[in-house]
Amino acid sequence: MNIILLGPPGAGKGTQASRLESARGMVQLSTGDMLRAAVKAGTPTGVKAKAVMESGGLVSDDIVSGIIGERLDMADTEKGAIFDGYPRTAAQAESLDSLLDERGRQLDFVIELQVNEDALVDRVTGRFTCAQCGAGYHDKFNLPKVAETCDVCGSHEFKRRPDDNAETVRTRMAEYRAKTAPILPIYEARGLVRRVDGMADIDDVTAQIAAILDGRD
Ligand code: AP5
Ligand code: MG
Ligand code: ZN
């Protein structure tokens, strides 16, 4: 099964994708995570992407579709992919169709996380992750069970994203409204779109997605 998780910054795409990975053995393909890894490693892609990401703008379609294509050539993605943060423009949606088609795969669902934008600034500015394993947390909504200790790997080191400040989040949301939300009708016409209430508790959102994937909704 191959699915897209679609929603604005802070909607919960990454949170739900990593839960689906653990629960179903699907593979999370987050272009944001891939780009951040490229920035950290200082690759040519990373050098190009860094300033754009820090401003909250979108990296070029060619770059992101290129990295998704390379990732889809790795065998683990045959078990099923969760596209997290990709596609984000109509051109990327077209590229994804070709990339899947060339590999004899297809999209099963596009799951839209419906959220109230006003609540998202809080979610994004409160977010932090484990520096060792990448597990995601939040200052108010999702603290580690033992203070300052990662639930997953026990590390005491955490980090925050440079683009998670209130001003950049507003730009990222504007980009979502202008360029990403307009791709929904493309998938709507193909009958692929399912909607979940992204304002519900994290566990509840997970249950809503499970119901869709299991054909109970
Ligand atoms: P990317 O990394 O994709 O960021 P984003 O789309 O802005 O989304 P986020 O990662 O901020 O949010 P999320 O939906 O994953 O939320 P999360 O689960 O963490 O992209 C970053 C940048 O890279 C872009 O701005 C762009 O420059 C570039 N880029 C990436 N892909 C690109 C592409 N395809 N094309 C061009 N450029 C691209 O949740 C947020 C917080 O809320 C967490 O702390 C979590 O614990 C908490 N939370 C989650 N769900 C709930 C809930 N239900 N209730 C309460 N709290 C919750
Ligand atoms: Mg994310
Ligand atoms: Zn960890």
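Where only DSSP H runs of four or more residues are counted, the chain gives -13500 deg cm²/dmol as its mean residue ellipticity at 222 nm, each run worth -39500 (n - 2.57).
The residue 195 and residue 103 beta-carbon pair, evaluated with R₀ = 30 Å, returns a calculated FRET efficiency of approximately 0.60.
Take residue 107: with every protein chain present and a 1.4 Å probe, its accessible area is about 20 Å². Estimated at the nearest 10 Å², the accessible area of residue 148 is 140 Å² with a 1.4 Å probe.
When only the Cβ of Lys, Arg, Asp and Glu is charged (+1, +1, -1, -1), the dipole of the chain relative to its Cα centre reaches about 320 debye.
Highest mean packing comes first when the peptides 85-93, 138-146 are listed by Cβ atoms within 10 Å, giving 85-93, 138-146. Which of rounded, prolate or oblate describes the chain when judged by the alpha-carbon gyration tensor and an a/c cut-off of 1.5? Note, shape of the chain comes out rounded.
Going by accessible surface with a 1.4 Å probe and the largest first, 111, 63, 186 read 186, 63, 111.
Inter-label distance, residue 118 to residue 90: 3.2 nm, where each label sits 7 Å from its Cα along the C-beta direction. Classify segment 104-159 as rounded, prolate or oblate, taking a ≥ b ≥ c as the square roots of the eigenvalues of its Cα gyration tensor: rounded when a/c is under 1.5, otherwise prolate if a/b is larger than b/c and oblate if not. Taking the square roots of the gyration eigenvalues as a ≥ b ≥ c, segment 104-159 is oblate. Within the same chain, lysines fewer than 8 places from residue 79 are excluded, and of the rest, those with a Cα less than 20 Å from its Cα are 13. Our coupling estimate for segment 45-62, obtained by passing each phi through the Karplus curve with A = 6.51, B = -1.76, C = 1.60 and θ = phi - 60°, is 4, x, 4, 5, 7, 3, 5, 4, 5, 5, 8, x, x, 9, 6, 5, 4, 4 Hz, Gly and Pro reported as x. Only protein atoms count toward the accessible area here, which uses a 1.4 Å probe; on segment 77-122, the carbon and sulfur part of that area reaches 36 percent. Heavy-atom accessible surface of residue 22, to the nearest 10 Å², is about 100 Å², with a 1.4 Å probe and all protein chains retained. Amide H contacts of residue 4: 83, 109, 110, 111, each under 5 Å away and 5 or more positions distant or on a separate chain (H built 1.01 Å from N in the peptide plane; Pro and chain starts excluded). Ranked by solvent-accessible area (1.4 Å probe, protein heavy atoms only, all chains present), the residues 157, 78 order from largest to smallest as 78, 157.
The values are calculated or read from the model by the stated rules, or taken from the named source; none is laboratory data. This one's a predicted model, so the numbers in the text were calculated from it and none came from an experiment. We place every Cβ from the backbone using ideal geometry, glycine too, and count neighbours over all the protein chains shown. The area values use the complete protein model at the heavy-atom level, side chains included, leaving out ligands, DNA and RNA. Shrake-Rupley method; radii C 1.70, N 1.55, O 1.52, S 1.80 Å.
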